[in-house]
Amino acid sequence: MLSDWYSAAYTVAYQNYMTPWYSLYTKREISPSAFAIGQILKVFGMHRITDMYGPVPYKDFAPASDVPFTSQQDIYAQFFDELDEAVQILKKFVEDNPGAKPLADYDKIYGGDFEKWIKFANSLKLRLALRIVYVDGETARIKAEEAIADGVFTDNEDNAMLSVDGSATVNPLYMICYTYNDSRLGATMECYLKGYDDPRLAIWFAKSEVSEYKEYNGIRCGSTFNGNDYKVFSNLNVSAGTPIQFMTAAEVYFLRAEAALRGWNAGADEQTLYETGITTAFSQPLGATQSKAGDASAYIEGTSLPVEFEDPMTRSFSYSYTGQVSVRWEDAVGFDDKLEKIITQKWIALFPDGQEAWSEFRRTGCPRVIPTASNWSSGVIDTQKQIARLPYPTNLSKDYPDLYNEAINNPDLLNGGDNGGTKLWWDKRSDKPYQSGR
C-alpha cells in the first residue's frame with residue numbers, strides 16, 4: 001500500500017471532521033442543536049479513523065495545536081459520552097419545539113428531522129458497543145442495551161443515507177470505479193452472492209467484459225497484473241448520484257441479533273432479529289437503480305454454501321475454499337456457527353461500506369474471506385489474519401516525533417510496531433475461524 005493512500009484518511013479526518021466540529025463546539029451555546037448534529041457526525045467519522053489507525057489525537061482537541069494521542073479505550077469512552085450528550089440536546093429541542101426543523105435546508109441526510117438523528121446516534125452507539133465486546137464485554141452490554149431501549153433504526157425509512165446531486169456532489173465510488181478504473185467486484189463477495197443465489201448480485205454489479213457480459217466476475221485481493229488488464233471484470237452498479245450509505249436498519253437488526261445471541265436484552269430473540277435483518281436488507285433501495293432485492297422468504301430458507309472462486313484470466317488466483325455457513329438459521333450449531341451466520345449476512349448487507357466490513361472482520365474473523373493472493377509485507381502481516389490496521393502517515397514521525405514515539409511505545413496506546421500487523425485495542429477475539437477446516 002502506498003503511503004499517500006493510507007495517509008489520506010488521516011488528513012481528511014482533521015480537516016473535515018475535527019476542525020469543523022471544533023468550530024461548532026465553540027458556538028454550542030448559540031445553537032445547541034447544530035452542535036449536537038456535528039457531534040454525532042464527528043463520532044461517526046472519527047470512529048472510522050481510530051478503527052483504521054488505532055490511537056489518534058482526540059481528547060482536548062483544538063486546531064493548530066500539538067494534541068497528544070488518545071488511547072482507543074479512552075476514545076471509545078468519549079464516543080459514548082458524546083453520543084449521549086447529543087441525544088439529550090436533541091431530545092430537549094424536540095420537546096421544546098415540536099415539529100421544528102431549523103436545519104432542513106442544510107441537512108442532506110434527514111432534512112432536519114431531529115427524531116431521526118436521535119435514532120442514528122443510538123444506532124451508532126449500538127455499533128460501537130458491539131465493537132468492544134471482546135475487550136470489555138460488560139460495558140458493551142450496558143451501552144448496547146441502553147441504545148436499544150432508547151430507540152434505534154427499525155426500518156429503511158430510518159437509514160442514514162447522504163443525498164448527492166451527481167454533479168456538485170458525487171458518490172465517490174462512481175469516481176473510483178469509472179474515472180479511476182480502480183474498483184471491481186471482489187472475489188469473496190462473488191462467491192457468497194453466487195453461492196446463496198443472492199439477487200443483490202445483479203443490483204450491485206454489472207456482468208463482466210471478460211465473460212462477454214454473460215457472467216459476474218470478481219478480483220481476488222492481492223492479484224498482480226499489468227496496467228488495466230483486470231478492468232474487464234465486473235464494475236460496480238453505481239451512479240454519480242447514488243446516495244452514500246452511512247448506516248442502515250438492516251445492520252442494526254444484525255447488531256441486535258448478536259446482542260440477543262449473547263443473552264442481552266435486544267427486544268427479540270436472535271433468530272427473529274437475524275431474519276428481520278435479511279428481510280430489511282432485501283427491501284432497501286440499492287445501487288444505481290435504487291432497486292430492491294424483493295421477497296426474502298426463499299433466501300432465508302437457503303441451505304447452499306458459497307461457491308469456489310474461479311479467476312477466468314489467471315487460474316493460479318483461483319481458490320477452492322470459501323465460507324462454510326448457509327443462510328438458514330436452523331442449520332446453525334452452537335454459538336460460533338450462529339455468530340458466523342449473523343456476521344456473514346451483516347457483511348453482505350453492509351456493502352458498499354468496506355470500512356465497516358473490514359472492522360467487523362477484524363473483530364470477529366467473519367465471514368471467512370479469501371486470503372490475499374500476494375503478501376508483500378515480509379512477514380509483518382499474517383496472510384490469513386490479513387491487515388490489522390493502517391500505518392500512521394509518514395509525516396507524523398517527522399513533524400511530531402515526541403507524540404509519535406509516545407503513541408507507538410506506550411503500552412496504553414498502540415503498544416506495537418507502526419505497521420499493518422499490529423492489532424487494535426478492541427481486536428481481542430482469540431478463536432477466529434480463519435479458514436478452519438481447510
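The values are calculated or read from the model by the stated rules, or taken from the named source; none is laboratory data. Note that the structure is predicted; figures quoted are calculated from it, not measured. No Cβ is skipped: glycine too gets one built from the backbone with ideal geometry, and neighbour counts run over all protein chains shown. When the accessible area is computed, the model is the full protein with side chains, heavy atoms only, and any ligands, DNA or RNA have been set aside. Shrake-Rupley method; radii C 1.70, N 1.55, O 1.52, S 1.80 Å.
Quick look at the numbers
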| item | result |
| --- | --- |
| Surface accessible to a 1.4 Å probe, Met46 within the full protein complex, Å² | 0 |
| Placed amide H near Lys27: partners under 5 Å, 5+ positions off or other chain | none |
| Nearest-10 value in Å² for the accessible area of Glu251, using the 1.4 Å probe | 10 |
| Cross-link partners of Lys428 among lysines (Cα-Cα below 22 Å; sequence separation of 8 or more within a chain) | Lys125, Lys143, Lys338, Lys341, Lys346, Lys385 |
| Compactness of segment 75-133, expressed as Rg and Dmax over alpha-carbon positions, Å | 12.7, 39 |
| Equivalent ellipsoid semi-axes, segment 235-344, via Cα gyration tensor eigenvalues times 5, rooted, Å | 26, 22, 13 |
| Sequence of Glu190, Glu275, Glu138 from largest to smallest accessible area, 1.4 Å probe | Glu138, Glu275, Glu190 |
| Residue among Ala332, Ser320, Ser163 farthest towards the positive dipole end of the chain, charges placed on Cβ | Ser320 |
| In Hz, Karplus ³J(HN,Hα) per residue of segment 197-208 (6.51, -1.76, 1.60; θ = phi - 60°; x = Gly, Pro) | 6, 7, x, 5, 4, 7, 8, 7, 9, 10, 5, 8 |
| Accessible surface, 1.4 Å probe, highest first, among residues Cys221, Cys366 | Cys221, Cys366 |
| Area of Trp204 that stays accessible when all protein chains are in place (1.4 Å probe, Å², to 10) | 10 |
| Pairwise FRET efficiency - Asn181 versus Thr289, Cβ, R0 = 30 Å, nearest 0.05 | 0.85 |
| Integer Hz, Karplus 6.51/-1.76/1.60 couplings in order for segment 43-57, x for Gly and Pro | 4, 4, x, 7, 5, 5, 5, 5, 7, 8, 9, x, x, 9, x |
| Exposure rank, largest accessible area first [Tyr319, Tyr213; 1.4 Å] | Tyr213, Tyr319 |
| Share, in percent, of DSSP beta bridges within the chain that are antiparallel, nearest 5 | 90 |
| Compactness of segment 43-161, expressed as Rg and Dmax over alpha-carbon positions, Å | 15.5, 43 |
